[in-house]
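Enquirer: Submitted below is the structure of interest, expressed as structure tokens.
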Amino acid sequence: MQYRSIADMNATIAKNLHRLPGDIDLVVGIPRSGILAANLVSLTANIQMTDLDSFMAGKVFSCGITKRSTLLERPFDEMRRVLVLDDSINGGNAMREARIKVATAGIARDKVIFAAVYGTYERYEEADLVFEVVPQPRLFQWNLMHHKFLEQSCVDIDGVLCLDPTNEENDDGPAYLRFLAEACPLHVPTRKIASLVTSRLEKYRPQTEAWLARRGIQYGELVMLDLPSKKERQRLAAHGRFKADIYRRSDAILFIESEHDQAVNIAKLSGKPVLCLETQEMITPASALVRERLKEAKTAEGRHAMLKAAARVMLGERGYEALKSQVKKAGLIWQ
């Protein structure tokens with residue numbers, strides 16, 4: 001599963017601006033996600049921008065006074081070159097429709113460049129330029145809660161669908177009950193979620209279901225932690241282990257988790273990828289193991305363990321045991 005955040009998009013745009021002609025005066029975003037990409041290009045390159053429908057009507061967006069220059073005040077009919085941009089291209093339908101609109105408006109083809117920030121392939125008949133190839137399956141931060149993958153995902157609640165409770169709210173008592181009723185929405189999905197998997201206690205199911213219903217959030221199942229109290233949950237440190245077990249036994253292809261350390265733990269224990277919203281990154285089982293090893297390497301025991309593991313890989317099991325035997329014969333301590 002490939003994932004790109006808004007920060008990734010901005011970095012990709014910055015790295016690829018040199019591939020564009022130097023006489024572009026206007027960037028046109030294809031609604032809706034293409035407008036986000038166009039805005040980033042406009043701000044980075046300090047050129048005018050608009051959306052596709054406004055472009056067809058001969059209108060461009062105004063700019064703030066701190067960004068003004070002669071380039072930002074060029075009349076529409078004096079634009080030398082126009083960049084029509086979308087966030088991504090897959091089958092090419094949106095780009096094809098944009099090309100038809102521009103052509104029917106009578107705008108000369110040599111004045112327009114069609115591009116996408118991300119593409120499944122490097123070359124498309126519909127696009128002149130793709131900034132970065134990101135193969136399928138892929139997911140973007142800006143369409144996360146509207147993507148069909150939600151129908152095959154496990155999703156956390158606190159920190160994903162609503163803000164986390166504060167320490168004062170998380171009292172396992174009256175304050176927490178108020179939080180459950182009034183929790184501030186964070187992301188509201190427009191697709192049905194396969195499974196909501198939360199460390200909220202089972203005894204709070206009625207309040208949780210009521211909040212989800214009020215927000216119109218659809219889901220297949222709601223899995224909650226069946227423990228008597230917050231104190232017992234903390235004693236068992238059951239958060240990540242509980243979520244990983246549910247995820248591992250499910251048919252889900254992705255877990256969306258709010259907190260980084262839990263995301264790493266879930267990926268490691270489930271053997272499946274986890275999207276961490278705290279750091280906006282996809283954590284795979286392999287990368288989770290690397291993070292754990294790097295954390296262990298900060299201690300003497302961890303460094304010894306890493307050296308032993310490396311020796312096993314390089315020497316093989318028989319070579320490793322032979323080395324261990326030679327060290328002991330030399331009167332040294334094998335740690």
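Enquirer: Of the numbered conditions (1) open to solvent by 20 Å² or more (accessible area, probe 1.4 Å); (2) of a type in the set (S, T, N, Q); (3) out of contact with any helix residue (DSSP H, G or I) (no Cβ under 9 Å at 6 or more places or on another chain), S258 fails exactly one; give the number of that condition.
Expert: With respect to (1) open to solvent by 20 Å² or more (accessible area, probe 1.4 Å); (2) of a type in the set (S, T, N, Q); (3) out of contact with any helix residue (DSSP H, G or I) (no Cβ under 9 Å at 6 or more places or on another chain), S258 is out only on (1).
Enquirer: OK, next. If we keep just the residues of the range 258-279 that are over 11 Å from the mean Cα position of the chain (by Cα) and among the acidic types (D, E), which is farthest from D156 (Cα to Cα)?
Expert: Within the range 258-279, the match that is farthest from D156 (Cα to Cα) is D261.
Enquirer: Let me ask you something else. Of the residues that make up the range 110-121, is at least one at pLDDT below 95, out of contact with any strand residue (DSSP E or B) (no Cβ under 9 Å at 6 or more places or on another chain) and of a type in the set (K, R)?
Expert: Looking through the range 110-121, none of the residues is at pLDDT below 95, out of contact with any strand residue (DSSP E or B) (no Cβ under 9 Å at 6 or more places or on another chain) and of a type in the set (K, R).
Enquirer: Conditions: (1) modelled with pLDDT under 95; (2) charged (D, E, K, R); (3) open to solvent by less than 70 Å² (accessible area, probe 1.4 Å). R241 meets all but one. Number of the miss?
Expert: The number of the failed condition is (3).
Enquirer: Scan the range 40-64 residue by residue and report those that are polar (S, T, N, Q) and either under 17 Å from A98 (Cα atoms) or surrounded by fewer than 17 Cβ atoms within 10 Å (Cβ to Cβ) (or both).
Expert: Correct list: T44, N46, T50, S54, S62.
Enquirer: Another question about this same structure. What's the number of the only condition in (1) within 17 Å of G159 (Cα to Cα); (2) more than 23 Å from the chain's Cα centre (by Cα) that K230 fails to meet?
Expert: (1)
Enquirer: Kindly evaluate E317 against the criterion of being of a type in the set (D, E, K, R), surrounded by 13 or more Cβ atoms within 10 Å (Cβ to Cβ) and either modelled with pLDDT of 95 or more or out of contact with any Lys or Arg (no Cβ under 6 Å at 6 or more places or on another chain) (or both).
Expert: Judged against the criteria, E317 is not a match.
Enquirer: As an exercise: evaluate G216 against (1) surrounded by 14 or more Cβ atoms within 10 Å (Cβ to Cβ); (2) out of contact with any Gly (no Cβ under 9 Å at 6 or more places or on another chain) and give the number of the one condition it does not meet.
Expert: Result: G216 passes all but (1).
Enquirer: Can you spot a residue in the range 126-136 that is more than 17 Å from T12 (Cβ to Cβ), free of Cβ contacts under 8 Å to residues at least 60 places away in the same chain and in contact with a Gly (Cβ under 7 Å, 6 or more places away or on another chain)?
Expert: Scanning the range 126-136, I find at least one residue that is more than 17 Å from T12 (Cβ to Cβ), free of Cβ contacts under 8 Å to residues at least 60 places away in the same chain and in contact with a Gly (Cβ under 7 Å, 6 or more places away or on another chain), so the answer is yes.
Enquirer: With the requirement that a residue be touching an Asp or Glu at 6+ places or on another chain (Cβ under 6 Å) and in a helix (DSSP H, G or I), what does the range 188-230 give you?
Expert: E202, K230
Enquirer: Taking the range 9-32 as the region of interest, how many residues are within 15 Å of the chain's Cα centre (by Cα), touching a residue at least 12 places away in the same chain (Cβ under 8 Å) and open to solvent by 40 Å² or more (accessible area, probe 1.4 Å)?
Expert: Total meeting the criteria: 1.
Enquirer: Filtering the range 272-297 down to residues that are at pLDDT below 95 and part of a loop (DSSP other than H, G, I, E, B), which residue is least open to solvent (accessible area, probe 1.4 Å)?
Expert: Per the stated criteria, the residue is A297.
Enquirer: Could you tell me whether the range 245-255 includes any residue that is in a helix (DSSP H, G or I), free of Cβ contacts under 8 Å to residues at least 40 places away in the same chain and within 20 Å of E151 (Cβ to Cβ)?
Expert: Checking the range 245-255: at least one residue is in a helix (DSSP H, G or I), free of Cβ contacts under 8 Å to residues at least 40 places away in the same chain and within 20 Å of E151 (Cβ to Cβ).
Enquirer: Applying the selection to the range 171-201, what residues are more than 28 Å from the chain's Cα centre (by Cα) and within 15 Å of K231 (Cβ to Cβ)?
Expert: D171, D172, G173, Y176
Enquirer: Exactly one condition in (1) open to solvent by less than 20 Å² (accessible area, probe 1.4 Å); (2) in contact with a helix residue (DSSP H, G or I) (Cβ under 8 Å, 6 or more places away or on another chain); (3) closer than 17 Å to I217 by Cβ is not met by T190; state its number.
Expert: (1)
Enquirer: A follow-up question, please. Need pairs with beta-carbon distance below 6 Å; first residue farther than 18 Å from E202 by Cβ and of a type in the set (A, V, I, L, M) and within the range 168-181, second open to solvent by 40 Å² or more (accessible area, probe 1.4 Å) and assigned to a helix (DSSP H, G or I); sequence gap 6+ or separate chains.
Expert: Listed by first residue and then by second, the contacts come to nothing, as the list is empty.
Enquirer: Restricting the search to the range 171-187, which residues are open to solvent by less than 50 Å² (accessible area, probe 1.4 Å), out of contact with any Asp or Glu (no Cβ under 8 Å at 6 or more places or on another chain) and of a type outside the set (G, A, S)?
Expert: Residues satisfying the conditions are D172, L180, P185.
The values are calculated or read from the model by the stated rules, or taken from the named source; none is laboratory data. Worth saying up front: this structure is predicted, and the values here are computed from it rather than measured. Cβ sites come from the backbone with ideal geometry, for glycine too, and all protein chains shown count toward neighbours. Note: accessible area is taken over every heavy atom of the protein model, side chains too, but ligands, DNA and RNA are not part of it. Shrake-Rupley method; radii C 1.70, N 1.55, O 1.52, S 1.80 Å.
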